[in-house]
């Protein structure tokens with residue numbers, strides 16, 4: 001049985017502007033969902049939540065966790081609670097990307113300048129794909145499982161995303177990019193950079209014990225208690241953020257995973273054929289080996 005919710009805005013748009021980029025405390029009196037549920041605002045879908053539909057979480061976790069917590073990012077923008085233009089001053093978050101991303105890393109830019117090179121496409125495979133190719137392949141069943149649920153539960157959104165043709169997608173999926181976050185509380189924000197016609201998704205994997213971390217829609221005062229093997233499809237262009245995460249065991253980890261089509265990756269590579277793609281990727285790999 002899938003619970004059906006019709007939700008109204010509790011806070012006005014003006015009130016949301018005043019609290020965006022701030023953090024939820026966890027003391028808010030929100031309705032928390034922990035069962036299969038479809039939620040709408042009028043005729044607009046807000047989220048679909050399904051319990052225990054994923055089966056490859058353990059394999060994904062084992063292959064990615066060391067990478068996911070190996071380095072931090074200061075480039076999470078409003079999700080980190082920052083309005084600063086200089087990303088180097090932003091709060092640190094253990095947030096990393098897998099798959100394909102637009103733009104080159106600072107180290108790659110330096111090597112490109114040193115070698116006086118030119119690239120036709122300002123898109124690259126992420127470091128994890130290149131340096132940990134076997135582990136990357138081990139992640140694919142989990143990502144493909146999410147993709148199949150996306151196709152099944154939201155066929156209209158899925159079709160629009162699949163019709164954005166680019167060879168720079170994760171194998172047999174509608175996604176170009178995966179973002180992993182470790183023990184990361186996001187502030188109240190709206191996502192940017194993903195497919196505006198698609199629908200966001202979120203899954204988590206847990207190690208040890210913690211409380212909190214619920215993903216919330218503050219304007220509607222509702223949250224979802226997302227746990228291992230659960231899957232949440234959500235309108236990421238509505239304001240959302242997390243409750244704080246409190247470790248009950250010292251090394252507790254909440255690894256969250258977001259799969260999406262990055263709009264600029266699609267726009268910059270939609271006309272690239274397979275030969276050009278392989279040449280481009282091999283050229284990038286040669287820089288890393290130099």
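Each value in this text was obtained by applying a stated rule to the coordinates, not by laboratory testing. Given the structure is predicted, the values throughout are model-derived calculations rather than measurements. Cβ placement follows ideal geometry from the backbone for every residue including glycine, while neighbour counts extend to all protein chains displayed.
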| said: Testing the spin-label approximation: label points 7 Å from Cα along Cα→Cβ at residue 190 and residue 283. State their distance in nm. | reply: 3.7 nm
| Could you give the nm distance between label points at residue 3 and residue 131, where each point is 7 Å from its Cα heading toward the beta carbon? | 4.2 nm
| message | Once you place label points 7 Å from the Cα toward the Cβ at residue 14 and residue 275, how far apart are they in nm? | response | 6.1 nm
| Which parts of region 25-68 would a label at residue 251 reach, counting a residue when its backbone N lies under 17 Å from a point 7 Å out along Cα-to-Cβ? | 61-68
| field | Mean separation of Cα contacts under 8 Å, 6 or more apart, over the residue count of the chain: relative contact order % | value | 26 percent
| note | So the angle from the long Cα axis of helix 133-153 to the longest Cα principal axis of the chain, reported in degrees to the nearest 10, equals 40 degrees
| query | So if R0 is 30 Å, what FRET efficiency would residue 29 and residue 264 give, r being the distance between their Cβ atoms, rounded to the nearest 0.05? | reply | 0.15
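Provide the FRET efficiency to the nearest 0.05 for the residue 144-residue 117 pair, computing r from the beta carbons and using R0 = 30 Å. Walk me through the numbers before you get to the answer.
On the way: r = 34 Å, r/R0 = 1.14.
About 0.30, to the nearest 0.05.
Assuming 0.36 nm per residue, please report the length gained on full extension of the stretch residue 44 to residue 69 beyond their Cα-Cα distance. Intermediate results must be reported in sequence, preceding the final value.
Details: separation 25, 0.36 × 25 = 9.00 nm, distance 3.60 nm.
That pair, residue 44 and residue 69, stretches by 5.4 nm at full extension.
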| task | For residue 109 and residue 172, compute 0.36 nm times the residue count separating them, minus their Cα-Cα distance, and round to one decimal in nm. | result | 19.7 nm
| task | Calculate how steeply helix 274-289 sits against the longest principal axis of the alpha-carbon atoms of the chain, using the helix alpha-carbon long axis, and give the answer as 0 to 90 degrees to the nearest 10. | result | 80 degrees
